[in-house]
Amino acid sequence: MLEEVERLRRDGIAPEELAKAVKQFTAATLSSRKTMQGQAQDLGGSWMAANDLNFSARYLESVKRASPADIQRVARTYLTAENRTLYGLVPQGAAPKKFEQADHYTETPVQKFDLPNGLRLLIKENHRLPFVEFRAVCKGGVLAESEANMV
């Protein structure tokens, strides 16, 4: 894999190879929009990522305009040793034992809070990475409708 990256940085990509990759990407993107669910996911993803319902269409057009020189420029800029992360999945006992785990991960239980306004909050801490992730799930639709909550 590293050899392929170095070849890409040094020699670039053949126009035929790029055309094939663009064709495959375009086909996969358009295939994902065959259903109403796929179209809704596309619109929602575009809105969440860029606050623009047409983002995926503009992105697809940008991919189609990519040139071999663009690919080589991006490879030289971003596919560097400083940006590289290496990992391997090997059978137990086959990996070298020279690496020591610096941090000890402790599994924390899910904490449940019922807020005064009726919302339920579930919290699970994980300090392995410096990220915060949250999700909101709301009851709705036909299954949640009743005479009491109909407007």
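Annotations
- Taking the Cα centre of the range 1-91 as origin and assigning +1 to Lys and Arg Cβ atoms and -1 to Asp and Glu Cβ atoms, the resulting dipole is close to 180 debye.
- Folded to 0 to 90 degrees: helix 2-11 orientation relative to the chain principal axis, Cα: 60
- Given a 1.4 Å probe and the protein chains as shown, GLU145 ends up with an accessible area of around 100 Å².
- Per residue accessible area of the chain, 1.4 Å probe, in Å²: 92
- Within the range 4-46, the trypsin sites (Lys or Arg not before Pro) that combine a DSSP coil assignment with at most 10 other C-beta atoms in a 10 angstrom radius are LYS34.
- Most mobile listed residue (THR85, THR106, THR77) in the chain, GNM with C-alpha springs under 10 Å: THR106
- The share of accessible area on the chain that comes from carbon and sulfur is 59 percent, using a 1.4 angstrom probe.
- Residue among MET150, PHE131, THR26 farthest towards the positive dipole end of the chain, charges placed on Cβ: THR26
- Between the helical axis of 36-50 and the longest alpha-carbon principal axis of the chain there is an angle of about 80 degrees.
- Taking the longest Cα principal axis of the chain as reference, the axis of helix 68-78 is set at about 70 degrees.
The values are calculated or read from the model by the stated rules, or taken from the named source; none is laboratory data. Remember, predicted model here, so these are calculated numbers, not experimental data. Because the Cβ atoms are built from the backbone with ideal geometry, glycine has one as well, and the counts that use them run over all protein chains shown. Side chains are part of the model used for accessible areas, which takes the heavy atoms of the whole protein and leaves out ligands, DNA and RNA. Shrake-Rupley method; radii C 1.70, N 1.55, O 1.52, S 1.80 Å.
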